[in-house]
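Asks: Okay, handing you the structure first.
The values are calculated or read from the model by the stated rules, or taken from the named source; none is laboratory data. Small disclaimer: the values here were computed from a predicted structure and weren't measured. A quick note on method: Cβ atoms are made from the backbone with ideal geometry, for glycine too, and the neighbour counts reach across all protein chains shown.
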Amino acid sequence: MTFSLQLVLGFALAATITFFCASEMRRRFGRADRLQSDEPSATSISSISAIVAFIGAVLLFGRTTASSADVRWELTLAAAMFAIGLAGSFAKLRGWPRLALQFAAIGAFVLLGPEFKFLPWPVANLALITVWLFVIANSFVLLDELSGLVAGVGLIASVAIAAIALMREHHLTAVAGFSMAGALAGFVARKDSRLTIRFGDSGALAIGVVLGLLSIHASRGPHATWASRAAIPMLLMMVPLVDAATVAMTRQSIGAAGQMDHAFHRLARLGLSRAESLAAMLIVQALAAACAVMLTFVPEHEAVLMLPFVAITFALPVAFLMDPAFDARPRGSRAVRAGFAESFFGGGAKRQAAAVALELSLASAAYFGALLIRFDFVVPEGLVLRMITALPGVLISTWLAMAVVGVHRMPAQTSAVSEAIRFAAASAIAAVMAGAASMLTAFVIPRGSCLVFAVLLFNMLVAARWSFDVLMRLARSLTSAAQRVVIVGADARGEAAVQHLFAHAPAGTELLGLVDDDDFKRGKLFHGYPVLGSLDELDEIFARARFDEILVAQERLAPARLAGLQSFATLHKVSLRQFSFSLIEVDEGAAASAAGAPQIRPHNA
């Protein structure tokens, strides 16, 4: 059997298994929106089918391409992570015990399984691989909060991994990549499950750890440097890492699901619908995967010089998502729209750390850009290592210059002219200090390159300062004019309102969730949609995600509550409607007058 036929058959087998399992899901659970529930039975079918399809394809078509012992170890780790997630779902195992089991399984694999050489120090190398697999696996668990995102991101990453593996002649990685792509494509291909596939903790953990392993394999090469080996996995896993960083940087705690603030939640506060948020994140993942594929064509010594530019491309959207304008806060508190200078160069410790990291990325890009211009974009291989020896001095000089000029203390109301003056001063000071510091290293920065570095750094800082408004306008231009609805009442009438909304509502209508005063229902899913909070929290809910209509389904609503809803609707220019339905009893006279056809008044909303 030829290798090309192995790839095709592996993809086809995995896709076929999951495609028909999607049909089984619809048959067992009915409406597609029911698949968004957190019940283990609803998610275990998709999880089991995806993992079985992947493992089966790899064992059938990948066993002749590499060591069977390594394959068994890696498939065993995937099965172990799946079992841990499944046991946690059924046993309600949460928090540190579940994380400890995951860490133990990954640690045993790293210690006893195949060797991965990233760093020359064995202990540091083991720690790096363990942390990487642990972070990626749990990042996919976080992604599973938005239905369809794990399947979409995993599919894009798998195809990119397979493409890189083919170019580098890693046959087993190529087979595994195509098999995972087929396992996920089987779900995406079904129209009734395209936006409603969730894999639960079990499937997300297994898929995440498999893709984490494959991304490491794809980065290997006969002449691969540490730079490309680090850049390719991070690009391939860009959206999971960005979302995990957003959750970690914007919230005080990520211990409970209800407290997590994901990237797609913050996009929703711009007005993007669920489908538009999904599309935006998949576009970012596709661009990152394309960058990873393109990086394989770049000579290894030049790949080091490109890393800062790749980092900036994705660091700016992260900084955009971290802006306090998207924080969930009650209306009437401090202004919702904080200035970019305040959020980007100020704020709390986490945002301050992110701002410094981005500034250092800009400084690295300006430094390498100045030298690329100096050598007409053809840098000798031996010179690159010498150039890197001067990079720490450049970064320290830039940080000190920013601190001296006071860039981090710039208030939101600072005018553009004064910002430009500070940026120019900081760039000039950084260039002088970097040139002086380079005299102590193996590479002395030429004076002309110091001048070009100052110009590039100034332009990059100004561009970063104004990129917030550009991204804001771009996001707003992508928002649809869909009618966003909130239903009051998570009860039987609320269920009828949900069914009526999707049976008779015009195209583009989106249900954000439900509101109910029962504290027990808070944070839970009601037919696939979250209970957002109580009526008293309506202002805060509106601040997190704006909506256009309130549909009151609760039958016994106190007059004071109804009056409060009317005041809220008037203040925020939101439509307020009462859901009702009625049936007219048909008697013999009415039936005879209608020639035996009963007349039923349709329910209305």
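Asks: Can residue 512 be described as outside any helix (DSSP H, G or I) and under 23 Å from residue 148 (Cα atoms)?
Replies: yes
Asks: Failed condition for residue 536, given (1) in contact with a Pro (Cβ under 6 Å, 6 or more places away or on another chain); (2) modelled with pLDDT of 85 or more; (3) charged (D, E, K, R), with all others met?
Replies: (1)
Asks: Tell me, which residue of the stretch 284-306 that is over 17 Å from the mean Cα position of the chain (by Cα) and β-branched (Val, Ile, Thr) is surrounded by the most Cβ atoms within 10 Å (Cβ to Cβ)?
Replies: Here the residue is 304.
Asks: Can you work out which of the residues in the stretch 548-572 that are outside any helix (DSSP H, G or I) and free of Cβ contacts under 8 Å to residues at least 40 places away in the same chain is farthest from residue 498 (Cα to Cα)?
Replies: 558
Asks: Give the residues of the stretch 185-210 that are modelled with pLDDT of 85 or more and closer than 14 Å to residue 55 by Cβ, sorted by residue number.
Replies: Correct list: 206, 207, 209, 210.
Asks: Condition first: in contact (Cβ under 8 Å) with a residue 60 or more places away in the chain and under 24 Å from residue 312 (Cα atoms). Now tell me which residues in the stretch 429-444 satisfy that.
Replies: Answer for the stretch 429-444, where residues must be in contact (Cβ under 8 Å) with a residue 60 or more places away in the chain and under 24 Å from residue 312 (Cα atoms): 430, 434.
Asks: Please tell me if residue 470 is closer than 30 Å to residue 427 by Cα, at pLDDT below 85 and of a type in the set (Val, Ile, Thr).
Replies: Spelling it out, residue 470 is indeed closer than 30 Å to residue 427 by Cα, at pLDDT below 85 and of a type in the set (Val, Ile, Thr).
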